[in-house]
Amino acid sequence: MNKIALAIHGGAGTIFRSQMTPALEAEYRNGLETALTAGWNVLENGGSSLSAVEAAVVSLEDFPLFNAGRGSVFTHEGAQEMDACIMDGHLLRAGGVAFVKNIKNPVSLARLVMKHTEHVLLAGEGANQFADQMGVDTAPDEYFFTEHRWLQLQEAIAEGRVQLDHGSGKPIGTVGAVACDSRGRLAAATSTGGMTNKKFGRVGDTPIVGAGTYADKTCAVSCTGHGEYFMLGVAAYDVAARMKYKGSSLEEAARETIDQMTSINGEGGLIAVDSEGNITLPFNSEGMYRASVSSEGSRSIEIYR
């Protein structure tokens, strides 16, 4: 039986211990712990890596402090527009949604795109129509309203800027998970509410296969960062390519990808796992909300560098 492994993230950026109250830090750690447990329970009970990453990301989407699902940031118009992607590395299949509204768990909708259509990515009104057809859970605007996100929008509008996430500094809000199951199958999933005060239907790297999310038989990767740069660097696939064509280890490949992001001024990080159950979580920002667990029993929840 293969070593099972799971890693999750809740965003990267300028995260200082001095700016975090003990109570708020405890909330973030609890959110990560709950999501890690949700995904790990699937793997421990013989479930697939695909179901594990979905379970973990659903938990993160339901947690209001992370920028995905319920905690998604506001657009310039005062609404939420969410993106998500899920990929099955064993079958090399993926599903993604972009620009969706009022969907409680966009990652589950992305999995339905993969399972029930011949497409990879659905966007906007069409994606919402597909959600209606599939009967996925929706919620009114009030469900997605969080006061700290609303205040972020007002601040961003007043200063005339687009803001990546949480207010002070430059935290970058995305959630994601990667997993290896007992059969050595890999999967990745990523979900986000995008940028505060975003306009013009902006979509980042999260729902783009190879940019923010990727999985094959080599590795599974979920990225978090300034999406434009992760698209330009095709960051998620870059890790797999370095392993396949250069013979790099998972850790070497992931670190080289983050170094490449640094060289083009892209800030953020990624989580990755390979078919042997190895895990790596590199980033070039001040911090990244992250957690991991493996069959060897090592369990880690970290925020700061």
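The values are calculated or read from the model by the stated rules, or taken from the named source; none is laboratory data. Bear in mind that the values here come from a model prediction, so they are computed numbers and not experimental data. Note that we place each Cβ from the backbone using ideal geometry, even for glycine, and neighbour counts take in every protein chain shown.
Matching residues to (1) more than 13 Å from the chain's Cα centre (by Cα); (2) closer than 16 Å to Val136 by Cβ:
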residue	(1), (2)
Asn45	yes, no
Ser49	yes, no
Ala52	yes, no
Ser59	no, no
Ala68	no, yes
Thr75	yes, no
Gly78	yes, no
His90	yes, no
Gly95	yes, yes
For Phe200, work out the one condition from (1) surrounded by fewer than 24 Cβ atoms within 10 Å (Cβ to Cβ); (2) touching a His at 6+ places or on another chain (Cβ under 8 Å) it doesn't fulfil.
(2)
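Restricting to the stretch 42-67, name every residue that is part of a loop (DSSP other than H, G, I, E, B) and of a type in the set (A, V, I, L, M, F, W, C). Steps first, answer last, please.
The initial filter retains those residues of the stretch 42-67 that are part of a loop (DSSP other than H, G, I, E, B), namely 45-48, 63-67.
Passing the criteria: Phe63, Leu65, Phe66.
Counting just the residues of the stretch 55-109 that are polar (S, T, N, Q) and touching a Phe, Trp or Tyr at 6+ places or on another chain (Cβ under 9 Å), which one comes out nearest to Thr146 (Cα to Cα)? Working first, answer last.
Residues of the stretch 55-109 that are polar (S, T, N, Q), as a first pass: 59, 67, 72, 75, 80, 102, 105, 108.
Now drop any that are not touching a Phe, Trp or Tyr at 6+ places or on another chain (Cβ under 9 Å), which leaves 72, 80, 102.
On the way: Ser72: 9, Gln80: 11, Asn102: 14 Å.
Checked the stretch 55-109; the qualifying residue nearest to Thr146 (Cα to Cα) is Ser72.
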Which residue out of Ile103, Ile4 is closer than 20 Å to Ser295 by Cβ and not acidic (Asp, Glu)?
Ile4
Evaluate the following for Tyr229: is it touching a helix residue (DSSP H, G or I) at 6+ places or on another chain (Cβ under 8 Å) and aromatic (Phe, Trp, Tyr)?
yes
Among the residues of the stretch 17-30, is any among the small types (Gly, Ala, Ser), under 17 Å from Ala291 (Cβ atoms) and surrounded by fewer than 24 Cβ atoms within 10 Å (Cβ to Cβ)?
yes
When the residues of the stretch 29-88 are filtered to those that are hydroxyl-bearing (Ser, Thr, Tyr) and without any contact (Cβ under 8 Å) to a residue 40 or more places away in the chain, which remaining residue is nearest to Leu121 (Cα to Cα)?
Ser51
List, please: which pairs have Cβ atoms under 7 Å, are six or more places apart or on different chains, and start with a residue in the stretch 231-254 that is surrounded by fewer than 22 Cβ atoms within 10 Å (Cβ to Cβ) and end with one that is at pLDDT 95 or above and basic (Lys, Arg)?
Ser248/Arg242
What is the residue count in the stretch 182-218 for residues that are in a loop (DSSP other than H, G, I, E, B) and over 20 Å from Ile279 (Cβ atoms)?
17
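Could you tell me which of the residues Gly269, Gly287, Gly297 is modelled with pLDDT under 95 and within 17 Å of the chain's Cα centre (by Cα)?
Within the list Gly269, Gly287, Gly297, the selection yields Gly287.
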Name the residues in the stretch 89-107 that are buried (at least 24 other Cβ atoms within 10 Å of the Cβ) and touching a residue at least 40 places away in the same chain (Cβ under 8 Å), would you?
Gly89, Ala94, Gly96, Val97, Ala98, Asn105, Pro106, Val107
Given the residues Ser182, Ser168, Ser222, Ser191, which is the only one that is modelled with pLDDT under 80 and at negative phi?
Ser168
Which helices (runs of 4 or more DSSP H) does the stretch 73-160 wholly contain that include 1 or more residues that are of a type in the set (Val, Ile, Thr)?
106-116, 147-159
Based on this model, can you work out whether Arg70 counts as farther than 25 Å from Gly277 by Cα and in a helix (DSSP H, G or I)?
yes
Are any of the residues in the stretch 50-59 surrounded by fewer than 24 Cβ atoms within 10 Å (Cβ to Cβ) and in contact with a strand residue (DSSP E or B) (Cβ under 6 Å, 6 or more places away or on another chain)?
no
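Determine which member of the set Glu228, Glu256 is closer than 24 Å to Ile15 by Cα and touching a Ser or Thr at 6+ places or on another chain (Cβ under 8 Å). Break it down stepwise before answering.
Values: Glu228 fails: touching a Ser or Thr at 6+ places or on another chain (Cβ under 8 Å).
Checking each option against the conditions leaves just Glu256.
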